[in-house]
């Protein structure tokens, strides 16, 4: 048994570490864009941030496709149904193309209206619109990059997507600066140059992934409705979950804003620091989804439970370590982001609160990954809705606008939210109802 667990631990780490690096690289491109346009002024920074926000909102709508691809491929791969894996990959690529074209049309038609609804100033909109329009023109590259990476992760290959993202980031950093500022005989396109660089870099990444996994695809003479149905059953609740989560975060952020600019700044800086702890958690969650999905596809339920346990243990250790760092050294972390003592003082309170929720957050992320691997995405959507809209938002409204308590109580609502989600997912997992879910037939 000990050697078996050691083997599972090695497999979890082998899968999780490249995903952790990939998650970091996905954030790096957006951060680099803001950094590179910094020399153009605050309006340009705001315009890029606004364009990235709209693109993020759009890709959230189709996040279910990536998760559906990962789970479907993982279970078929575990069942050794090679022909079905190839046909599923081809169908998923077709779905990605259809969804991408829809997002292009939707983005180009609603960009301006959405910016006005968000309350952006006219000078920011004037700069952001060309940038955002081009980002939506190349958003198919973003979608294909996500879906292809998810499919390869479903087969257990997390290194190739990592290499692709390394290449994307290196290429972006090489060409973005000259396109923004007009170096090396390139035209000075300003922030639009950053969007062009995104399209070129991500397009190259898609080309690399298509080439490396070309043998995975298999032509299908007929439309496989069973594969499309499975993708919908897995993916639709995931998209719903992400939409409910983002809507709740927007309302929660508005409540924090009631406490003033300094409090909001401390909240944002604290979130930026805390997001570092999400990286290992997300890596172990993907590892759990892939391994559990493959084991269930092969009918190895005992192995699936061992994989979930080991992924939870490793994620708990990693994120508890981050929690200790947040709790005992918040000042040093915050000073790396800001010199404003008022922001640092409030940020210290925020980081110590999020330090407490690191273990519940780790267990929630990995349990959700394991349940996704089993195809139980509807319950995850339910747990997210209860946690966000039944716990966090009501408690924040009571503490903030209603009783006008200290912001400490508004931030503490996050602990209650993630603890309730953890308990719900743990009870669901222990009930073993996920064993009865049929993703593949």
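The values are calculated or read from the model by the stated rules, or taken from the named source; none is laboratory data. Given the structure is predicted, the values throughout are model-derived calculations rather than measurements. Cβ placement follows ideal geometry from the backbone for every residue including glycine, while neighbour counts extend to all protein chains displayed.
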Practice task
Determine whether segment 214-221 contains at least one residue that is in a helix (DSSP H, G or I) and farther than 30 Å from residue 440 by Cα.
Solution key: no
Exercise for the section: Confirm whether residue 405 is more than 21 Å from the chain's Cα centre (by Cα), under 20 Å from residue 307 (Cα atoms) and in the same structural domain as residue 298 (by TED's automatic domain parsing). Expected result: no
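Go through segment 429-439 and give me each residue that's surrounded by fewer than 19 Cβ atoms within 10 Å (Cβ to Cβ) and either at pLDDT below 90 or touching a helix residue (DSSP H, G or I) at 6+ places or on another chain (Cβ under 6 Å) (or both). Spell out how you get there, then give the answer.
In the first step, residues of segment 429-439 are kept if they are surrounded by fewer than 19 Cβ atoms within 10 Å (Cβ to Cβ); the result is 430-433, 435-438.
Answer for segment 429-439, where residues must be surrounded by fewer than 19 Cβ atoms within 10 Å (Cβ to Cβ) and either at pLDDT below 90 or touching a helix residue (DSSP H, G or I) at 6+ places or on another chain (Cβ under 6 Å) (or both): 432, 433, 435, 436, 437, 438.
Of all residues in segment 133-165, which are under 20 Å from the mean Cα position of the chain (by Cα) and under 16 Å from residue 200 (Cβ atoms)?
The answer is 135, 136, 138, 139, 140, 141, 142, 144, 145, 164, 165.
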Practice task
Out of 175, 180, report the one residue that is modelled with pLDDT under 85, assigned to a helix (DSSP H, G or I), crowded, with 17+ Cβ neighbours inside 10 Å and over 21 Å from the mean Cα position of the chain (by Cα).
Solution key: 180
Exercise for the section: For segment 349-358, indicate whether the set of residues that are out of contact with any strand residue (DSSP E or B) (no Cβ under 8 Å at 6 or more places or on another chain), crowded, with 24+ Cβ neighbours inside 10 Å and at pLDDT 95 or above is non-empty. Expected result: no
Fill in the blank from the handout: Of those in segment 301-315 that are free of Cβ contacts under 8 Å to residues at least 60 places away in the same chain and surrounded by fewer than 20 Cβ atoms within 10 Å (Cβ to Cβ), the residue farthest from residue 357 (Cα to Cα) is 302
Handout entry: residue 250 in a helix (DSSP H, G or I) and either touching a strand residue (DSSP E or B) at 6+ places or on another chain (Cβ under 9 Å) or touching a residue at least 60 places away in the same chain (Cβ under 8 Å) (or both)
Key = no
Problem - Hey, residue 259 touching a helix residue (DSSP H, G or I) at 6+ places or on another chain (Cβ under 9 Å), in contact (Cβ under 8 Å) with a residue 24 or more places away in the chain and in the same structural domain as residue 375 (by TED's automatic domain parsing) or not - result: yes
Exercise for the section: Could you tell me which numbered condition residue 399 fails, if it satisfies all but one of (1) surrounded by 20 or more Cβ atoms within 10 Å (Cβ to Cβ); (2) modelled with pLDDT under 95; (3) within 27 Å of residue 280 (Cβ to Cβ); (4) more than 19 Å from the chain's Cα centre (by Cα)? Expected result: (3)
Exercise for the section: Sort through 89, 96 and tell me the only one that's over 19 Å from residue 290 (Cα atoms) and either touching a helix residue (DSSP H, G or I) at 6+ places or on another chain (Cβ under 8 Å) or modelled with pLDDT under 85 (or both). Expected result: 96
Exercise for the section: Evaluate the following for residue 291: is it at pLDDT 90 or above and surrounded by 24 or more Cβ atoms within 10 Å (Cβ to Cβ)? Expected result: no
Fill in the blank from the handout: Note on segment 281-322: residues over 19 Å from residue 6 (Cα atoms) and over 23 Å from the mean Cα position of the chain (by Cα) are 296, 297, 298, 299
Practice task
For segment 238-255, indicate whether the set of residues that are more than 30 Å from residue 400 (Cβ to Cβ) and surrounded by fewer than 17 Cβ atoms within 10 Å (Cβ to Cβ) is non-empty.
Solution key: no
